[in-house]
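What follows is one structure encoded as structure tokens, with my remarks underneath.
Only the coordinates and a few stated rules stand behind these numbers; no lab work does. Not measured: the values here are computed from a predicted model. No Cβ is skipped: glycine too gets one built from the backbone with ideal geometry, and neighbour counts run over all protein chains shown.
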Amino acid sequence: MTQITAPHEQISAEAFADEIRDYLLKGQGVKPAEAKVEDVYVAAATAVRNHLLDAWAKTREDMVSGNTKAVGYLSAEFLMGRQLRNALLNAGLTEQFNKAVAELGFDPHDVITAEPEPGLGNGGLGRLAACFIDSLASIGVPAFGYGIQYQYGIFRQEFDDKGRQYERADYWLANENPWGHTDYNRDVRVNFGGHVEDNNGRRVWNPDWSVRAVPVDYLVPGYESGRVNTLRLWTAKAYHEIDLRAFNRGEYYQAVENQVKAEDITKILYPEDSTPQGKSLRLQQQYFFVAASLHDAIRTFYPGQDKPDMATFPNKITFQLNDTHPVIGIPELMRILIDEYGYDWDTAWDITTRTFNYTCHTLLPEALEIWPARLIRELLPRHMEIIEQINERFVSLLQTLTDDSAKIDRMRIVTSGDDPQVRMAYLATAGGTHVNGVAELHSQLLKDVTLRDFSDLFPNKFTNVTNGVTPRRFVRLANPRMSDLITEGLGTDTWISDLSKLEGLVPLADDGEFVHRFAEVKRANKRDFAGFAKEHYGFDVNPDTMFDSMIKRLHEYKRQSLKILAVIARYASLKSGETDVNTFTPRTVIFGAKAAPGYAMAKETIQLINNVSRVINNDPDIQGKLNVLFPWNYNIELSQNLIPATELDEQISQAGKEASGTGNMKFAINGALTVGTLDGANVEIRERVGYENFFLFGMTVDEVEALYAEGYDKGMSRQYYENDPRLKRAIDMVADGTFSEGDRSTYQNLVNDWLSKDYFMTLADFGAYMDIQSEIEKTYADEKKWFRMALLNTARTGYFSSDRSIEDYLERVWMTGPLPEDPQL
Ligand code: 26M
């Protein structure tokens, strides 16, 4: 085991307290007696960061001087969550911190929670990037995360008195940020606009404006690897802050216009995660961070060289494209190679295609990014030329591979017609070596449906890497009680860096005493969550109820509406006496979900959930047996508190729509049972935990396809409504104003959609979902059985560590590995 802070650097709690005092004075200018908890947080964070710096410098040095190919993870989002506890864990300084802070008269928990949460991502894709950089560092792979430091992260969600979502800006940088180091001396110029000229056969881009990309570096400490990688997030600055001539004329806005335009680029994270809007500013963001990152990698690996031998570039670093958001990097690298370094097209193309790989995260056609050629040309005229040439050459290549002209037309990177569009997923597939999906089923569907023509002609490009989650944050930190019990059960804590070791718990599933203690852990976590929910939301949560959670972005395909309809149906049957309140399994149903601000149907669903919650929680007939909670502003902090307390996890998307899911993994590892469809990684979770330890329901991908073929979304859903009285009653209650104080128009769009279209087949799966819920209740009544199943979920889901995902990428996609062990460590 290799600690980042080598044994000789290991310090006592007293020495750590001295360091905090020192930073309080030198950084914050306060004596401990005057310090606020926010001061202590900044000082402690600074102290921890300083303990990581030697290992950071050494990792960079070994990376540049050695022969291990590095990984550049290009992602528009890194949803990191708070850093302090993670940094303490990985630096091996948790104990010292706890004692030192107490010695200074503060509660360690208060210091930890003084950190604002950086929410620089929308959901699964951004959190995956954060888990991956943790795993890369923990395995010791030399890697950079490259992205954007948005000034405003994902919006803060609040609910109004009608239960509607509204959004508030997330100004997370309002106070000092001790983690990000702004490196003004390593800025990069990023150009935009202008036109391209011909100069003796060479294309010359004359841009008409440029922005200064300034890196903000975050340390990414590995767990027991001795390595510290870099997350480099770019922030946009103007080169000329003020136009003095305009200022002197009294035109104050014009005077700062340039600055505003530049800094707008990294101002805000776009909160849509499923329907890209084709906005110029978004394309500016993408090019901005990708161009800066490529330039940064070149100067890192060829320091001080004007004419680097770029043929070696793919041996120095491999870039992973996290979805299509960074795909503009492909024409950018072509431009650098051809225009700046004078390579011919074929050599440049060979280098480029060996440098990039692409991960796709979706199956929904409307989520695939497509940019109007017109817009790209306006902003990046030279890149558009290159894309056109890539397209032409690609079409020529296809003509040598097939006679099927319809197929060739379908595969065009730039569509034909008078308003041509650039299909970024196709550009990524053509311009990189590998394409991967994020779960077995997803990768199969990519080959069979979404990118079928490509997989026909280039079968070897396609591979799968099933997602994973970091056990450091989502087990060790989020669930310390369970972690201790696991360590005791296995007799070692090495599972934290090799999660497959959880398998060793399997025999303990037949040890009644151990299962009992596992159940006790869950109960204690539920009590903790009740306290958290009271403190943060004012909710009264009864820990003696089943905790049933559904946390994820609000989207029709994820089917929060199926869950809420089932809750309403249950409520109605309790009211009518069909279900006996006295024998009913008491439940607390917890939702966490943000809706994209412009997604009307999703917002209506949020309003419905809030009002169902209001009505049911306040109905004396229910006697508190059924509760619905909707804590607002679901974020990483909430997930870390809720997941360890959850007993039942809802993964109920329509089969064939959820690429993978990663919440499903976090829950299963933490001993929740899943109720789910055969979708995304649910399939693999079920295979591993055992069919008998997973509550499966609903249609399969094939059944879904067959039902579409029958015309389901052309009005068939109504039959399900007519034929199932439980469903009819639930929908009628939504329509008749039960959850809108008598107003029948509030949920009109939802009701109309259910009865006339229901594209995601909520109604068709409703019966199966109600039935499985009854089975769940029966199983829950047998506590021993339930917790045996839960323990087996924990024991058999070690596969879903992001360490394993990274090992798969290393072997199947990146063809590299960890740095050699540092003999000094
Ligand atoms: C695109 C263009 C413009 C603005 C925003 C976007 C955009 C941002 C995020 C599009 C999609 C985004 O995220 C999609 C996402 O989170 N997908 C999820 O990825 C997870 C990790 O692989 C999977 O587990 C989920 O199944 C998948 O939905």
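Quick look at the values:
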read-out	value
Per-selection Rg to Rh, the stretch 257-368 - Cα, Kirkwood hydrodynamic radius	1.01
Charge dipole of the stretch 768-825 about the Cα centre (unit charges at C-beta), most positive-ward option of Phe800, Ile772, Leu810	Ile772
Peptides 461-468, 418-425, 143-150, 706-713 ordered by average Cβ neighbours within 10 Å, highest first	143-150, 461-468, 418-425, 706-713
Charge dipole magnitude, Cβ of K and R +1, D and E -1 - the stretch 406-502, Cα centre, debye nearest 20	80
Tensor-based shape of the stretch 128-218 (alpha-carbon gyration tensor, a/c under 1.5 rounded, otherwise prolate or oblate)	oblate
FRET efficiency, Asn315 to Arg186 (Cβ-Cβ, R0 30 Å, nearest 0.05)	0.80
Cα shape, the stretch 756-810, gyration tensor, a/c 1.5 rule	oblate
Difference of contour (0.36 nm per residue) and Cα-Cα distance, Asp619 to Glu687	20.4 nm
Stokes-Einstein translational diffusion, the chain - Kirkwood Rh over all Cα pairs, 1.306 mPa s, 10 °C, in µm²/s	56
Under the span-like rule (Cα at least 20 Å along the axis, Kyte-Doolittle mean at least 1.0), DSSP H helices of the chain	124-139
Shape category assigned to the stretch 310-421 from the gyration tensor of Cα positions, a/c cut at 1.5	rounded
Rounded to the nearest 20 debye, dipole of the stretch 484-626 from Cβ charges on Lys, Arg, Asp, Glu	860
Spin-label pair Asp419/Val37, simplified geometry with 7 Å Cα→Cβ offset, distance in nm	5.3
Once the Cα gyration tensor of the stretch 344-473 is diagonalised, semi-axes √(5λ) in Å	25, 18, 16
Protection proxy ranking, peptides 356-362, 75-81, average beta carbon neighbours within 10 Å, highest first	75-81, 356-362
Estimated distance in nm for a label pair at His240 and Val64, the labels positioned 7 Å out from Cα along Cα-to-Cβ	3.3
Residue-averaged [θ]222 nm for the chain, counting only DSSP H segments that reach four residues, each worth -39500 (n - 2.57)	-13500 deg cm²/dmol
Cβ-based net charge around Trp814, under 13 Å, with every Lys or Arg adding one and every Asp or Glu removing one	+1
Within-15-Å neighbourhood charge of Met80 [Cβ basis; K, R +1; D, E -1]	0
Protection proxy ranking, peptides 574-580, 320-326, 376-382, average beta carbon neighbours within 10 Å, highest first	320-326, 376-382, 574-580
Whole-number percent relative contact order across the chain, with pairs defined as alpha carbons under 8 Å at least 6 apart	13
Neighbourhood net charge (15 Å Cβ-Cβ; Lys/Arg +1, Asp/Glu -1) for Leu446	-1
Potential lengthening between Arg527 and Thr583 on full extension [0.36 nm per residue; Cα-Cα distance subtracted]	17.9 nm
Extension reserve of the Asn723-Lys307 stretch, reckoned as 0.36 nm per residue once the Cα distance is removed	142.4 nm
